Amino acid sequence: MAALGQSIRRSAIGLGLFAIITGGSIAVTQALTEERIQEAAARAEASALFEIIPESQHDNDLLNDRVQLPASERLATPGPVTVWVAREGGEPTGFIMPVVAPDGYSGAIRLLVGIDLQGVVLGVRVVNHRETPGLGDRIETKKSDWIYSFEGRSLDNPEPRNWNVKKNGGVFDQFTGATITPRAVVKAVQKSLIYFRQNRQEILNRLEETS
């Protein structure tokens with residue numbers, strides 16, 4: 001019986017050590033994986049910023065020139081909005097804001113929307129989504145050039161009622177078999193322009209305060 005008890009204790013200790021080692025390994029792996037994911041997301045975001053406003057179109061440190069703008073439910077982002085500011089000769093020429101399309105087919109679609117000081121879209125990029133591969137993922141630049149159709153647009157180009165996909169009477173293309181995704185992005189970009197128009201003077205003041 002004594003030998004059996006010792007055997008059980010050794011087995012219990014062995015199992016305990018195994019559990020500790022395994023749990024520790026999993027925790028370390030998760031931490032390293034999360035860090036790599038965050039680094040990859042940061043690189044993707046930085047790349048998208050320079051696609052929207054190339055380095056040839058500003059002379060400031062775009063990545064580190066940031067300003068907080070008023071909070072708004074239109075952008076579907078909690079709290080004040082931190083935007084990246086493009087400047088030439090110290091004067092602001094445009095900014096890039098994070099925007100969320102909450103009504104994508106498979107959930108929220110996170111965007112970056114660049115707008116100049118006249119309210120014209122400089123560019124739009126998708127930085128995170130879970131849309132269906134082969135259908136909704138055509139919002140990515142590597143899958144199609146659809147996202148470029150926003151460049152040069154404004155609230156008056158097209159008219160507000162035409163800010164929709166063609167299936168719903170608008171001017172923007174939808175994807176074959178996927179209307180919800182592009183419609184969600186179109187509406188999110190339109191809301192970002194409405195946000196700029198409604199807060200234009202306060203936004204300009206905040207951009208100029210940091211010049």
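The values are calculated or read from the model by the stated rules, or taken from the named source; none is laboratory data. From a predicted model like this one, the values you see are computed outputs, not experimental measurements. As a convention, Cβ positions derive from the backbone with ideal geometry for all residues, glycine included, and neighbour counts pool all protein chains shown. For accessibility, only protein heavy atoms count, side chains too; no ligands or nucleic acids. Shrake-Rupley method; radii C 1.70, N 1.55, O 1.52, S 1.80 Å.
Before moving on, here are some points about what is shown:
- Using alpha carbons only: equivalent-ellipsoid semi-axes of the stretch 57-106, gyration tensor based, whole Å: 26, 12, 8
- Ranking 50, 150 by solvent-accessible area of protein heavy atoms (1.4 Å probe, all protein chains present), from largest to smallest, gives 50, 150.
- Ordering 140, 91 by accessible surface, largest first, gives 91, 140; the 1.4 Å probe counts only protein heavy atoms, with every chain in place.
- Working from Cα pairs under 8 Å separated by at least six residues, relative contact order for the stretch 71-211 is 22 percent.
- For the pair residue 73 and residue 55, label points projected 7 Å from Cα toward Cβ lie 4.3 nm apart.
- Order of exposure, largest accessible area first, which applies to 195, 148 with probe 1.4 Å: 148, 195
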